[in-house]
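The values are calculated or read from the model by the stated rules, or taken from the named source; none is laboratory data. What you are looking at is a predicted structure, and each value in this text was computed from that prediction instead of being measured. Reconstructed Cβ throughout: ideal geometry from the backbone, glycine too, with neighbour counts over all protein chains shown.
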Protein chains: 2
Amino acid sequence: MRRPLPDGFLDRLREVVPGRISLVESELQRHGTDESSHPTVLPDAVVMARSTDDVVAVLRLANEHGVPVIPFGVGSSLEGHVLPVEGGISLDISGMDQILEVRPDDLVAVVQAGVCRVPLNERLARDGLFFSVDPGADATLGGMASTGASGTTTVRYGSMRDNVLGLTAVRADGTVFRTGTAARKDSAGYDLTRLLVGSEGTLAVITELTLRVFGIPERMSAAVCTFPTLAAGVEAAIAVVRSGIPVARCEFLDARSVEAVNHYSGTALEVAPTLFFEFHGSDSGVADQSEETRLIVEEFGGSGFTWATDERSRRELWHARHNAYPAGLASRPGSRSVTTDAAVPLSRLPEAVETAERIFSDGPFAWSILGHVADGNFHALLLVDPEDTGMVDAAHRAAKQLTAEVIALGGTCTGEHGIGLGKREALVEQVGAGTIEVMRAVKEALDPRGILNPGKVLLP
Amino acid sequence: MRRPLPDGFLDRLREVVPGRISLVESELQRHGTDESSHPTVLPDAVVMARSTDDVVAVLRLANEHGVPVIPFGVGSSLEGHVLPVEGGISLDISGMDQILEVRPDDLVAVVQAGVCRVPLNERLARDGLFFSVDPGADATLGGMASTGASGTTTVRYGSMRDNVLGLTAVRADGTVFRTGTAARKDSAGYDLTRLLVGSEGTLAVITELTLRVFGIPERMSAAVCTFPTLAAGVEAAIAVVRSGIPVARCEFLDARSVEAVNHYSGTALEVAPTLFFEFHGSDSGVADQSEETRLIVEEFGGSGFTWATDERSRRELWHARHNAYPAGLASRPGSRSVTTDAAVPLSRLPEAVETAERIFSDGPFAWSILGHVADGNFHALLLVDPEDTGMVDAAHRAAKQLTAEVIALGGTCTGEHGIGLGKREALVEQVGAGTIEVMRAVKEALDPRGILNPGKVLLP
């Protein structure tokens, strides 16, 4: 339900953040849209924040008047997180793009929330370092923290929850607070860092992050291999994880995903169910890991091993994998994707993937499956014509059915995309009313007027 | 301030948890004492819970009457966490000791909160698995989660925050709720799992845990080497971490700690600043890691490498290291320890350790330093005669001075022991009033009557 802006609010806003406000139609459009199939909802205004002080000023005013504030990075969320469904201000933090500190001796970097992943890694590389979390999109670090992002390297290096050491954030009432330190361990009071990571802009606005970074490994090597069936590839990936091989990435693509990637990125991969691997370590460590993996994978019918040991072919391979999402969209021009995000305990993964195939085979939409199988997490892209409401509805129904079955398998409705708008009912189903009440109590304690990204995570 | 029990409360308690109550003096004593130097405070009663239902019954009644409830495992906390400073019920969960599920295919175990670390690992070993978090003490998993414990293997496998996938917990009002799943990734709503881990029994009572477990590595190998100075050993450890060698443990003991360990555990280690290492992996991986480590350590003057490749000598070595705390106490019969727990960014570790030496050298107490240096975390044992209030006060003053200097270095007042009673002022100093207000808002939202372990974490 859209809240009307109080009279004179925009004038007051112009006073507190002069020169930062946009009401241009194209900007409102851009800030009312994400990568999901949720329909665009326009904000009343966009504020381009340049500092924590700007964020404080906007929140103070908005809280006083009960106006919603929706933090916005680059709009790459996949569940409608940034859509201002109750109206209000889209608070764009992408201009807060300063890398404040790189501390190689501490393996730490401090950044403003609007810094994007790719430029951060370009800067870190000058010191032989990298930031490990890699969701594919060149998202802002603030956005990645807010959705609790993870990605292809999570199996080895963890997700945002594991790699954010501390935060500067602003409460709904405009109070600034800091969490965590640059120490690698901290047991001082409630873990507010991890409470904010994954809270999707509903508890506070993140303005700065202290990140854990890693040294670039001496050797990185990638490999692909193909399987006769989807199930065989999934089983092979699970066996590799269980073996304890410290694989750095382990990604699965079905034949349709490989076909789309070939078209989009100009690769010439064999069109078959495929595992992509990456190994990090010393020369001999990587050689050992690769060989052990090859032996396991062959037991499951894997064949056609191709190694990409030189840096260029390794990068090309992973670039192709990371473009699987736009590649899928491009395979049906004009389409949008309803994207699923199931994660299950490892032993249930084959069953979960089979269930997905069974459900989607009946749908009127094109679809493909890919995922971070070593973490038990996979995605389906259900490609829909956004004008065809019957098709869109069918895709949403199919996605919901998969979610219900995944929850029944002891899994989660979202491994990494978050709840946003699209998974609120699923969250209730998954965690139960008692847990929802705890979440609601936390939300009300930190945002009593309900101005922070209202309508997300929890049903109104 | 002790709250008087309402009239007839114990009779009501006997009705809701018949046969579970103890008022025996020795039990009250045991439940009013931990491993710290904080003086004993007796609870009004002890309840030996056997099930989540018992916990629910106690909390419902206590919340109705505003009676404090303090969860108790084995009493191995080091900052007075379990002391019932406002009176009330010590809720002993050590009888909830069932290992509910071991799922080797999912690398998951589900346990009641009273299960202890050593019996859990004995059970897991039958399936070739282990639980990695190892604080030394044979604590309950519920207690380890509540204090956000970590330990010698955290550098490789993470702390409780990283290895608890989900919880069953009971709110102050007796409502049961569940967090997380057995999937390895979960982005569904607020991360209540990590909010409860480290909350020291002040937000809810944990009754069950879903834990991430690991396969026992093919090869484990340990080594010790000695250094001419404390500083050299610390610098060497930091260099090993920065090199990216996936060392499984890396522990530092000063000469006094080694001497105490030799006396207590019958080892014959050279009495000098010493690093203990452990490497996990394949045969060749461990050989590579060990050799790379030896080369780095020798650059810093490390010598006298001794390898413990067979299982018995490896176990003996780590058994000796794990007994460093009782060994320190035994070196001064009748003493108690004021134990510090500083953690700093890696680059500040040499300065922090030097600062500790400088401060403690002036004290009237015996002391020694040891720690998880690869995580930037170290402890000092300040051994005091508990009858000598002058000495006890001097130790507390010295510990406080170190904490203040550690905070000034960008570190934390506690890397793994938690806040409890002893670090509440330090927490304010470290995180600031704004952050304390956020913590307080969360506490009041989940425990409005303030019955859950009152007086801990936050100052009244």
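Is at least one residue of region B:319-340 under 23 Å from residue B:300 (Cα atoms) and not assigned by TED's automatic domain parsing to the domain that holds residue B:259? Looking through region B:319-340, at least one residue is under 23 Å from residue B:300 (Cα atoms) and not assigned by TED's automatic domain parsing to the domain that holds residue B:259. For residue A:121, the conditions (1) more than 25 Å from residue B:154 (Cβ to Cβ); (2) touching a residue at least 24 places away in the same chain (Cβ under 8 Å) are fulfilled apart from (2).
Looking for whichever is crowded, with 21+ Cβ neighbours inside 10 Å and part of a strand (DSSP E or B) here; the options are A:240, A:224, A:261. Which one fits?
Working: A:240 fails: part of a strand (DSSP E or B); A:261 fails: part of a strand (DSSP E or B).
After applying the criteria, what remains is A:224.
Based on this model, can you work out whether residue B:115 counts as modelled with pLDDT of 95 or more, within 18 Å of the chain's Cα centre (by Cα) and in the same structural domain as residue B:204 (by TED's automatic domain parsing)? If you could, list the steps in order and put the result at the bottom.
Details: modelled with pLDDT of 95 or more: yes; within 18 Å of the chain's Cα centre (by Cα): yes; in the same structural domain as residue B:204 (by TED's automatic domain parsing): yes.
Spelling it out, residue B:115 is indeed modelled with pLDDT of 95 or more, within 18 Å of the chain's Cα centre (by Cα) and in the same structural domain as residue B:204 (by TED's automatic domain parsing).
Mind listing just one residue for me: the one in region A:133-163 that is farther than 17 Å from residue A:371 by Cα and more than 13 Å from the chain's Cα centre (by Cα) and, of those, nearest to the other protein chains (Cβ to nearest Cβ)? Applying the filter and picking the extreme gives A:162. In the set (1) over 15 Å from the mean Cα position of the chain (by Cα); (2) within 8 Å of chain B (Cβ to nearest Cβ); (3) closer than 23 Å to residue A:99 by Cα, the condition left unmet by residue A:169 is number (2). Out of A:328, A:304, one residue alone is in contact with a strand residue (DSSP E or B) (Cβ under 6 Å, 6 or more places away or on another chain), small (Gly, Ala, Ser) and on the phi > 0 side of the Ramachandran plot. It is A:304.
Please work out which residue is nearest to the other protein chains (Cβ to nearest Cβ), limiting yourself to region B:367-391 and to residues that are surrounded by fewer than 24 Cβ atoms within 10 Å (Cβ to Cβ) and over 12 Å from residue B:339 (Cα atoms). Looking at the filtered set, the residue picked out is B:386.
When you look at residue A:128, is it surrounded by fewer than 24 Cβ atoms within 10 Å (Cβ to Cβ), within 21 Å of the chain's Cα centre (by Cα) and over 21 Å from residue A:178 (Cα atoms), yes or no? Steps first, answer last, please.
Working: surrounded by fewer than 24 Cβ atoms within 10 Å (Cβ to Cβ): yes; within 21 Å of the chain's Cα centre (by Cα): no; over 21 Å from residue A:178 (Cα atoms): yes.
So residue A:128 does not fit the description; no.
The residue that is surrounded by the fewest Cβ atoms within 10 Å (Cβ to Cβ), among those in region A:295-310 that are touching a residue at least 24 places away in the same chain (Cβ under 8 Å) and of a type outside the set (Gly, Ala, Ser), is A:299. Scanning region B:402-457 for residues being among the acidic types (Asp, Glu) and buried (at least 24 other Cβ atoms within 10 Å of the Cβ) gives a total of 1.
I'm told residue B:341 meets every condition in (1) out of contact with any Asp or Glu (no Cβ under 8 Å at 6 or more places or on another chain); (2) touching a residue at least 12 places away in the same chain (Cβ under 8 Å); (3) among the acidic types (Asp, Glu) except one. Can you identify the failing condition by its number? Checking residue B:341 against (1) out of contact with any Asp or Glu (no Cβ under 8 Å at 6 or more places or on another chain); (2) touching a residue at least 12 places away in the same chain (Cβ under 8 Å); (3) among the acidic types (Asp, Glu), the one that fails is (1). Residue A:364 passes every criterion in (1) without any contact (Cβ under 8 Å) to a residue 40 or more places away in the chain; (2) in a helix (DSSP H, G or I) apart from (2).
I'd like to check something: does region A:275-283 contain any residue that is of a type outside the set (Gly, Ala, Ser), surrounded by fewer than 15 Cβ atoms within 10 Å (Cβ to Cβ) and under 12 Å from residue A:227 (Cβ atoms)?
Taking region A:275-283 and keeping what is of a type outside the set (Gly, Ala, Ser), we get A:275-280, A:283.
Narrowing the set further to residues that are surrounded by fewer than 15 Cβ atoms within 10 Å (Cβ to Cβ) leaves A:283.
Still in the list and also under 12 Å from residue A:227 (Cβ atoms): none.
For region A:275-283, residues of a type outside the set (Gly, Ala, Ser), surrounded by fewer than 15 Cβ atoms within 10 Å (Cβ to Cβ) and under 12 Å from residue A:227 (Cβ atoms): absent.
Regarding region A:150-157, can at least one residue be identified that is in contact with a Leu (Cβ under 6 Å, 6 or more places away or on another chain) and outside any loop (DSSP other than H, G, I, E, B)? Within region A:150-157, none of the residues are in contact with a Leu (Cβ under 6 Å, 6 or more places away or on another chain) and outside any loop (DSSP other than H, G, I, E, B). Within region A:99-118, the set of residues being touching a residue at least 40 places away in the same chain (Cβ under 8 Å) and out of contact with any helix residue (DSSP H, G or I) (no Cβ under 9 Å at 6 or more places or on another chain) comprises A:100, A:110.
Could you tell me whether any residue of region A:433-442 is more than 21 Å from residue B:446 (Cα to Cα), within 14 Å of chain B (Cβ to nearest Cβ), without any contact (Cβ under 8 Å) to a residue 40 or more places away in the chain and assigned to a helix (DSSP H, G or I)? Among the residues of region A:433-442, not one is more than 21 Å from residue B:446 (Cα to Cα), within 14 Å of chain B (Cβ to nearest Cβ), without any contact (Cβ under 8 Å) to a residue 40 or more places away in the chain and assigned to a helix (DSSP H, G or I), which makes the answer no. Kindly indicate the residue of region B:203-251 that is acidic (Asp, Glu) and away from chain A (no Cβ under 13 Å) and also nearest to residue B:179 (Cα to Cα) among those meeting that condition. It comes out as B:208.
Only residues that are of a type in the set (D, E, K, R) and touching a residue at least 24 places away in the same chain (Cβ under 8 Å): list them for region B:30-75, please.
From region B:30-75, those of a type in the set (D, E, K, R) are B:30, B:34-35, B:44, B:50, B:53-54, B:60, B:64; that's our starting set.
The answer is B:30, B:34, B:35, B:44, B:50, B:54, B:60.
Every condition in (1) crowded, with 16+ Cβ neighbours inside 10 Å; (2) assigned to a loop (DSSP other than H, G, I, E, B); (3) away from every other protein chain (no Cβ under 14 Å) holds for residue A:320 except the one numbered (2).
Selection of region A:186-202 for residues being within 10 Å of another protein chain (Cβ to nearest Cβ) and within 25 Å of the chain's Cα centre (by Cα) yields A:190, A:191, A:192, A:193, A:194, A:195, A:196, A:197, A:198, A:199, A:200, A:202.
Against the conditions (1) assigned to a loop (DSSP other than H, G, I, E, B); (2) more than 10 Å from chain B (Cβ to nearest Cβ); (3) under 17 Å from residue A:79 (Cβ atoms), residue A:449 satisfies every one except (3).
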